[in-house]
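Asks: Below you'll find the structure I mean.
The values are calculated or read from the model by the stated rules, or taken from the named source; none is laboratory data. Predicted, not measured: the structure shown is a model, and the values here were computed from it. Positions of Cβ are generated from backbone atoms using ideal geometry, with glycine treated the same way; all protein chains shown enter the neighbour counts. Quick note on the areas: whole protein, heavy atoms, side chains included, nothing else; ligands and nucleic acids left out. Shrake-Rupley method; radii C 1.70, N 1.55, O 1.52, S 1.80 Å.
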Amino acid sequence: MTPGPGQPKDSLADWLRIRTEISWPSWCGARLVSEAPAPDSFRNFLMTIRGGRDSEGTSRVLTALDLAFADAEQGTPLTFALMTKWQRTVLDHDLVGFRTMPAFAKGGRERYGMAPDSRARFERCLSESAQPDLPLPSRATRTYLDILFFHPFGDGNARAAMLALAFVLAREGVLLDQIHPLQTTRWADDAEGAADLAVLLGILITAAERRPSHGRQS
């Protein structure tokens, strides 16, 4: 869909254009824990950014986080249907589906277009969260950005992206003990920024695995 006069360009199209061209970083990996520790870091992060202004909403997103971790423990594939289950809890209503109109974010500076195959393309992108030939930090980063830039829901997309990030990591036995360094503005046409985020995520994963206090600090 062509933007009207004065509208920003289609940032989803920008993301899909660069997505396959990003030079994702290599990663030597970290040991996987035998039992996933309690998700204190994700819980503390969500409570810090939301708790003071929306206690009920924070409680709902923490419940959705528990659902995401339980699904990860079962090795469940990441699908839009699974994300919709979490989002019903986050938003506290059952009428949750893929958006039907263009969406906007960052004060209107990014516009995410809508096409007949948008949901199908999103599903394909989600399936690549398990792509075996791409290191975990890059896969998790790409999934996180997929959700931000597809903007699939009418509301709560930042929360949905964070839940999916936690899910992709936990599905492979990885849990961060620091989340806040990841919280910065991301742009759909920034290939270097996407790669840099994957580098940062890899550092955080490795650092968490090396700390004796792994899983007990925020």
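Asks: With respect to the numbered conditions (1) part of a loop (DSSP other than H, G, I, E, B); (2) free of Cβ contacts under 8 Å to residues at least 60 places away in the same chain; (3) within 18 Å of Ala195 (Cα to Cα), which one is the sole condition not fulfilled by Gly154?
Replies: Among (1) part of a loop (DSSP other than H, G, I, E, B); (2) free of Cβ contacts under 8 Å to residues at least 60 places away in the same chain; (3) within 18 Å of Ala195 (Cα to Cα), Gly154 violates only (3).
Asks: Sort out which residues of the stretch 86-130 are part of a helix (DSSP H, G or I), of a type in the set (Asp, Glu) and open to solvent by 70 Å² or more (accessible area, probe 1.4 Å), and write them in order of number.
Replies: Residues satisfying the conditions do not exist here.
Asks: Right, next: Going by what's in this entry, would Ala103 be described as in contact with a His (Cβ under 8 Å, 6 or more places away or on another chain) and not acidic (Asp, Glu)?
Replies: yes
Asks: So Phe69 ticks every box in (1) without any contact (Cβ under 8 Å) to a residue 12 or more places away in the chain; (2) within 28 Å of Arg43 (Cβ to Cβ) but one. Which box is left unticked?
Replies: Result: Phe69 fails condition (1) only.
Asks: Go through (1) at pLDDT 80 or above; (2) in a helix (DSSP H, G or I); (3) open to solvent by 50 Å² or more (accessible area, probe 1.4 Å); (4) not β-branched (Val, Ile, Thr) and name the single condition Asp14 misses.
Replies: Unmet condition: (3).
Asks: Could you tell me which numbered condition Ala170 fails, if it satisfies all but one of (1) within 20 Å of Ala70 (Cα to Cα); (2) more than 14 Å from the chain's Cα centre (by Cα)?
Replies: Going through the list (1) within 20 Å of Ala70 (Cα to Cα); (2) more than 14 Å from the chain's Cα centre (by Cα), Ala170 breaks only (2).
Asks: Within the stretch 160-179, does at least one residue satisfy the condition of being open to solvent by 50 Å² or more (accessible area, probe 1.4 Å), over 30 Å from His93 (Cβ atoms) and polar (S, T, N, Q)?
Replies: Yes; the residues of the stretch 160-179 include at least one that is open to solvent by 50 Å² or more (accessible area, probe 1.4 Å), over 30 Å from His93 (Cβ atoms) and polar (S, T, N, Q).
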